[in-house]
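Notes follow once the structure below has been shown.
The values are calculated or read from the model by the stated rules, or taken from the named source; none is laboratory data. What you see is a predicted model; the values in this text were computed from it and never measured. A quick note on method: Cβ atoms are made from the backbone with ideal geometry, for glycine too, and the neighbour counts reach across all protein chains shown. When the accessible area is computed, the model is the full protein with side chains, heavy atoms only, and any ligands, DNA or RNA have been set aside. Shrake-Rupley method; radii C 1.70, N 1.55, O 1.52, S 1.80 Å.
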Amino acid sequence: MKKSLILLFLLLIPLATAQSENYNDRTSLTIDYNSNGEIILVGSSGFNSLTTTLYLNPMESSRQTIETLSTNPNSINNGEDLIFEWNSFQNPFTYQLSSKIKTQNNLYPIKHIQFPIQNLDQKYEKYLEAGEIIDITPKIITKASEIVDGETDLYSAVFKISDWVNNNIEYDLSTLTAEAALQSSWVLDNREGVCDEISSLFISLSRAVGIPARFISGSAYSNLNHSFENHGWAEIYFPGQGWIPYDITFGQFGWIDPSHIELDKSIDAGEPSVRYSWKSMGTSLESSSFQDEKLIIGEGNKIQPPFTFTIEPLFDKVGPGSYVPIKVAVQNPFEGYI
């Protein structure tokens, strides 16, 4: 076990009331996830077939289990995406997905791994490459190198990048990024963005110093809007330990709360939710739509804090409005960083 000492200063002020819909302290959630889409094609005389590939669908992972999943019409599952096919013309073409998902509130203790990473498995090298949105420019390389300068531990290096992005990029729905995903280099220059851009910059900075990272598309519950919202976050590959989630927007480093629903994992951000292709003569796409719904139908038990805290005030006589220095000892029961 590891023990660390932290000096804190306590200001005597009223405490805010916590939101009731905070699922961070639940062991698990059971969620109904349903989606549906509609495609309208114009020109039926030369129609042969239509194929629709749905990229956003519930995925199995170390923290997410698909308990049930059905589609109408029946779909082909290629291991990542769901494929719908029609061989006769309809107006409109429609498809539905119904599923029940169970998400776990996992912790990921990480042991020491040398940084920079040595002898990375070749199959993870694609997660070091630049993408159209997750770009890697000389300025990004310089900033990433500056953030991790002198660091020899991978977990600490990733934490420093997480912390820098969290503290230096402003979450702002009123910006251009709310309408379309912008490149990491733009986010670094303008210091603002929404979840996709914040995650993209984090991934770009990580890849720039040889840390494999990928983009996760999905949904997460917001206790500010009291609803599920479309959301993007990241995963970092730790050699020998696997992919570990990082949601910089939520301030969740090396862990995510169980309201996160994983729907797609990709090398780059800004990829489509659905792709259409058809064989025909004189047929064109008039319109298409996609929407989904999420509903929590079950909650796990409340988590018991895994850490032991002891608090010791350094002064026993203080005046009203004073700052009180206290010593906090935190005991980590895990054999690794958490």
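Structural remarks
- Residue match in the range 277-286 (condition: part of a loop (DSSP other than H, G, I, E, B) and open to solvent by 40 Å² or more (accessible area, probe 1.4 Å)): yes
- Flag if Ile236 is within 27 Å of Pro58 (Cα to Cα), in a loop (DSSP other than H, G, I, E, B), of a type outside the set (Asp, Glu) and modelled with pLDDT of 95 or more: no
- Within the range 287-315, the set of residues being within 30 Å of Asn106 (Cβ to Cβ) and not in a strand (DSSP E or B) comprises Gly300, Asn301, Ile303, Gln304, Pro305, Pro306, Phe307.
- Screening Gln183 with (1) under 18 Å from Ile256 (Cα atoms); (2) polar (S, T, N, Q); (3) in contact (Cβ under 8 Å) with a residue 40 or more places away in the chain gives one miss only, at (1).
- Residues that are part of a strand (DSSP E or B), of a type outside the set (A, V, I, L, M, F, W, C), in contact (Cβ under 8 Å) with a residue 40 or more places away in the chain and open to solvent by 10 Å² or more (accessible area, probe 1.4 Å), drawn from the range 219-233: Tyr221
- Residue, least open to solvent (accessible area, probe 1.4 Å), within the range 18-44, restricted to residues that are over 26 Å from Leu107 (Cα atoms) and modelled with pLDDT under 90: Gly43
- Being out of contact with any Asp or Glu (no Cβ under 8 Å at 6 or more places or on another chain) and surrounded by 14 or more Cβ atoms within 10 Å (Cβ to Cβ) is a property that does not hold for Gly319.
- Of all residues making up the range 52-82, the number that are touching a residue at least 24 places away in the same chain (Cβ under 8 Å), of a type outside the set (A, V, I, L, M, F, W, C) and in a strand (DSSP E or B): 9
- Residue within the range 189-206 that is in contact (Cβ under 8 Å) with a residue 24 or more places away in the chain and among the aromatic types (Phe, Trp, Tyr) present: yes
- Residue within the range 240-252 that is at pLDDT below 85, in a loop (DSSP other than H, G, I, E, B) and surrounded by 14 or more Cβ atoms within 10 Å (Cβ to Cβ) present: no
- Check on Glu85, assigned to a loop (DSSP other than H, G, I, E, B) and under 24 Å from Lys265 (Cα atoms): no
- Top-ranked residue in the range 106-162 [being of a type in the set (Ser, Thr, Tyr) and within 30 Å of Gly300 (Cβ to Cβ); ranked as surrounded by the fewest Cβ atoms within 10 Å (Cβ to Cβ)]: Tyr108
- Within the option set Ser174, Ser217, Ser222, Ser199, being at pLDDT 90 or above and either at positive phi or out of contact with any Phe, Trp or Tyr (no Cβ under 6 Å at 6 or more places or on another chain) (or both) holds for one residue only, Ser217.
- If the condition is being at pLDDT 95 or above and within 18 Å of Ile261 (Cβ to Cβ), then the range 62-81 contributes Arg63, Gln64, Thr65, Ile66, Glu67, Thr68, Leu69, Ser70, Thr71.
- Single match in Phe315, Phe309 (criterion: among the aromatic types (Phe, Trp, Tyr) and at pLDDT 90 or above): Phe309
- Any hit, the range 203-215, residues being part of a helix (DSSP H, G or I), crowded, with 23+ Cβ neighbours inside 10 Å and under 10 Å from the mean Cα position of the chain (by Cα): no
- For the range 90-113, filtering for residues that are in a strand (DSSP E or B) and among the basic types (Lys, Arg) leaves 2.
- Filtered by the rule that a residue be open to solvent by less than 60 Å² (accessible area, probe 1.4 Å) and of a type in the set (Asp, Glu), the range 45-74 gives no residues.
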